[in-house]
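Structure in structure tokens, see below.
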Amino acid sequence: MKRILFITTRNPYSGRYSGDVIRSFKIINVLKKRYKIDLVFLGKKGNLKIKDLNIISFKHPNYLKKIFYCLISLFKFEPIQFGLFYSESMKNYIQENSNKYDVIFFHHIRSSQFLPKSYYGKTILDMGDLYSDNYSQTSKYLSFLNPFKYIYYLESFIIKSVEAKIFSIFDKVLLFSKREVDKVNKSYDSINKIIQIDESVEKLHKKLKFSSKNFKILFVGNLNYLPNILACKNFIIEVLPKLTKIIPNIKFCIIGDIKDNDRTRLSKYNNVEILGSKKDISKYAKNSICGLANLSIATGVQVKVLTYMTYGLPVICSDQVAKNFDKNVLSYKSNTDLINIIKKLKNKKEFWNSFSKKSYSFVRKFKWENISKRYFKIVDA
């Protein structure tokens, strides 16, 4: 039986509604069915015990150490997030024990910094998205007066060079989007190294039905992630006031981790309901007109879109998100377009049913039971 060391910088069993946490959770649970897995992560282990899984956790450094590590990262021309998620004790443990394993599976680009020297087994990096693109988009989106614009610009520039190194030294790199795989293969000599592997959903829920009494617009996502919080703020400030004049009882429901100050700030607006992180969103999806993915900054395949689709909800996306979903979602060019689409979904049964059917049909190919088998092939190849 192959031994695998699985490295990630967040606790996969924390229950957080965050794309990277959910993905690592699913991958570990499928791999441990066939292989002997040791999980190493940064964070609190507590009393966590999982059957057929050996867990080793390391504490996050204190605030001052994080600042120090970030400065070291910049000095070494490495991403700032490497410093934010660095642990010297974790790196030493991996270096000392690496050759016990046939495969080391790295989850997220920031885990790649723990690649041990003189390791002769197989290395797999589940990168997901091209982070250089994501940060470049963020930098372009932010105002010139916002200091984070320049931090994101620097981070995107540094990550691009790190990605180039990753594509040369890792045996396999996994990305969600075929567009991004094609882009990498055109830019780097990495043919057969870069594998497109879809995002996934655990199951399809009972399909929701149209009702002219539906009054919710659903947004699911980690609100500590800048593109998500920007999307929510934009909808609440720029769209919702106009929408309430047409549909007075409309409710914008937000599900996901959120900082206390953001919760307080957004809760002040009318027709907004902030629900926090939920493991199961089924009861909140009821009475929804649609799922919303209005991100101005987006790379790869958005998990939130697939989540809405598992309920047969029509999905409205920005152009940036919609390009990975063909004509199975609704996209808009302006806030006026967005309002008109919501109004039409609210009142037109045939229109709602048409996109509900497209959602429910499209998401079937993303079922985890089918996609999970590909990980065995990647490990064993």
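What translational D, rounded to a whole number of µm²/s, comes out for segment 216-366 from Stokes-Einstein when the hydrodynamic radius is the Kirkwood one over Cα pairs, at 37 °C and 0.692 mPa s? Spell out each step's value before the answer.
Details: Rh = 15.3 Å.
Using the Kirkwood radius from Cα pairs, D works out to 214 µm²/s.
Taking 8 Å as the Cα distance limit and 6 or more residues as the minimum spacing, I'd like the relative contact order of segment 216-366 as a percentage.
Working: 234 pairs, mean separation 34.1, N = 151.
23 percent.
Which one, SER356, PHE176, PRO61, is farthest towards the positive end of the dipole of the chain when Lys and Arg carry +1 and Asp and Glu -1 on their Cβ?
SER356
Expected output is a single nm value to one decimal: the length gained when fully extending between ASP337 and LYS209, i.e. 0.36 nm times separation in residues minus the C-alpha distance. What is it?
Values: separation 128, 0.36 × 128 = 46.08 nm, distance 2.39 nm.
Extra length from ASP337 to LYS209 when fully extended: 43.7 nm.
A further question follows. Subtracting the Cα-Cα distance from 0.36 nm times the residue separation, let me have the gained length for ASN270 to LYS242 in nm, one decimal.
Values: separation 28, 0.36 × 28 = 10.08 nm, distance 1.20 nm.
Once the chain is fully extended between ASN270 and LYS242, it gains 8.9 nm.
If you average 1/r over all unlike Cα pairs in segment 166-275 and invert the result, what Kirkwood radius do you get in angstrom?
Hydrodynamic radius (Kirkwood, Cα pairs) of segment 166-275 is 17.4 Å.
Per-residue HN-Hα couplings for segment 227-237, Karplus 6.51 cos²θ - 1.76 cosθ + 1.60 at θ = phi - 60°, whole Hz, x for Gly and Pro?
Values per residue, Gly and Pro as x: x, 5, 5, 5, 5, 5, 4, 4, 5, 5, 8 Hz.
How far apart, in nm, are the 7 Å Cα→Cβ label points at ILE56 and ASN370?
With each label point 7 Å from Cα toward Cβ, the separation is 3.8 nm.
Measure nothing but the geometry: give the 0 to 90° angle between the long axis through the Cα atoms of 19-31 and the longest principal axis through the Cα atoms of the chain, rounded to 10°.
Approximately 60 degrees, to the nearest 10.
Report the FRET efficiency, 1/(1 + (r/R0)^6), for LYS259 and SER118, where r is their Cβ-Cβ distance and R0 is 25 Å, rounded to 0.05. Intermediate values should be presented prior to the final figure.
Values: r = 42 Å, r/R0 = 1.66.
E between LYS259 and SER118, to the nearest 0.05, is 0.05.
Next question, about the same structure. Would you please give the residues with an amide H less than 5 Å from that of CYS290, counting only those at least 5 places away or on a separate chain, with H modeled from the backbone geometry?
Counting only residues 5 or more places away or on other chains, the set is LEU218.
Please identify, among LEU64, LEU230, LEU266, the residue showing maximal mean-square fluctuation in a Gaussian network model of the chain using a 10 angstrom Cα cutoff.
Highest fluctuation of the listed residues: LEU64.
Something else now. Placing +1 at every Lys and Arg Cβ and -1 at every Asp and Glu Cβ, with all other atoms neutral, what dipole size does the chain have around its Cα centre, in debye to the nearest 20?
Numbers: 68 positive and 31 negative charges, 296 e Å.
Using only the charged Cβ atoms, the result is roughly 1420 debye.
Now, a different point. Order of ASP38, ASP20 from fewest to most other C-beta atoms within 10 Å?
On the way: ASP38 17, ASP20 21.
Lowest to highest Cβ neighbour count: ASP38, ASP20.
Which one, VAL301, VAL30, VAL181, has the greatest fluctuation when you compute a Gaussian network model over the chain with C-alpha springs under 10 angstrom?
Residue with maximal mean-square fluctuation among VAL301, VAL30, VAL181: VAL30.
Provide the gained length on full extension for the span ASN224 to LYS100, in nm with one decimal, where the gain is 0.36 nm per separating residue minus the Cα-Cα distance.
On the way: separation 124, 0.36 × 124 = 44.64 nm, distance 3.65 nm.
Between ASN224 and LYS100, full extension yields 41.0 nm more.
Just so you know, all these numbers are worked out from the coordinates, no wet-lab data involved. Keep in mind it's a predicted model, so treat the numbers as computed, not measured. In this analysis, Cβ positions are derived from the backbone assuming ideal geometry, glycine residues included, and neighbour counts consider all displayed protein chains.
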